[in-house]
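Some notes on the structure that comes next.
The values are calculated or read from the model by the stated rules, or taken from the named source; none is laboratory data. None of the values given here were measured: they were computed from a predicted structure. Glycine gets a Cβ as well: all are built from the backbone with ideal geometry, and neighbour counts include every protein chain shown.
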Amino acid sequence: MFSDPQKNIEQFSLAPGSHVADLGSGAGFYTMAAARAVGKLGRVYAIDALKEMLQKIKNEAQRSGLPNIEALWGDIEKLGGTRLADASVDSALVCNTLFQLERKNDFPLEVKRILKPGGRVLVVDWKESFGGLGPQPEHVFSEEDARSLFEKAGFDFERGIKAGEHHYGLIFRR
């Protein structure tokens, strides 16, 4: 994986009791780390378009004793597609997701819609393609492009994090 979800979530400093949306949750590595960080009073919404990944997350959450995870099928690229209420989450995770999006310009608008005012976003993605691991070279979405995408949507860049040798990490605030 080249990136450690636990270390990246620690750098993001999720508050206990927070509500978090993991957008494009995939296999749920960041979902699990976030669920541990927010604790029993927190909630993590794992949102993905692949139902089999969501089932995997549900199974792992049960095995790991993490009842604070809710797996939701949704379209993160469409306004209203996450099916979460406006201003309903404190933070959002966008990890190894940007390179896969087809409608990149629409995506931050949905993130902004579901975040509470002052809410934060952690973006972690691949710096480049690594011979079969990660995205194909033509799909890599650069750190500069990610920053521009979120800033154009009205987010403020807060800081970068050390996300691993082959990844970048950015934190934005709504």
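Among the residues of this structure, ARG113 does not count as one that is crowded, with 16+ Cβ neighbours inside 10 Å and either under 21 Å from ASN8 (Cα atoms) or in contact with a strand residue (DSSP E or B) (Cβ under 7 Å, 6 or more places away or on another chain) (or both). Residues considered: SER88, SER13, SER25, SER18. Of these, the only one that is among the hydroxyl-bearing types (Ser, Thr, Tyr), out of contact with any Asp or Glu (no Cβ under 7 Å at 6 or more places or on another chain) and in contact (Cβ under 8 Å) with a residue 12 or more places away in the chain is SER88.
Does LEU14 count as over 29 Å from GLN136 (Cβ atoms), at pLDDT 95 or above and not in a helix (DSSP H, G or I)? Yes; evaluated as a whole, the condition is true for this residue. Listed by first and then second residue, the pairs linking a residue in region 105-123 that is within 10 Å of ALA92 (Cα to Cα) and touching a residue at least 60 places away in the same chain (Cβ under 8 Å) to a residue that is among the basic types (Lys, Arg) and surrounded by fewer than 20 Cβ atoms within 10 Å (Cβ to Cβ), with Cβ atoms under 7 Å apart and 6 or more places separating them unless they lie on different chains, are ARG120/ARG173. Among the residues of region 44-76, those identified as of a type in the set (D, E, K, R), under 21 Å from LEU115 (Cα atoms) and surrounded by fewer than 21 Cβ atoms within 10 Å (Cβ to Cβ) are GLU70, ASP75. Of all residues in region 83-100, exactly one satisfies the criterion of being polar (S, T, N, Q), in contact with a Leu (Cβ under 8 Å, 6 or more places away or on another chain) and outside any strand (DSSP E or B), namely THR97.
Once region 77-91 is narrowed to residues that are polar (S, T, N, Q) and within 17 Å of SER25 (Cα to Cα), the residue that is surrounded by the most Cβ atoms within 10 Å (Cβ to Cβ) is SER91.
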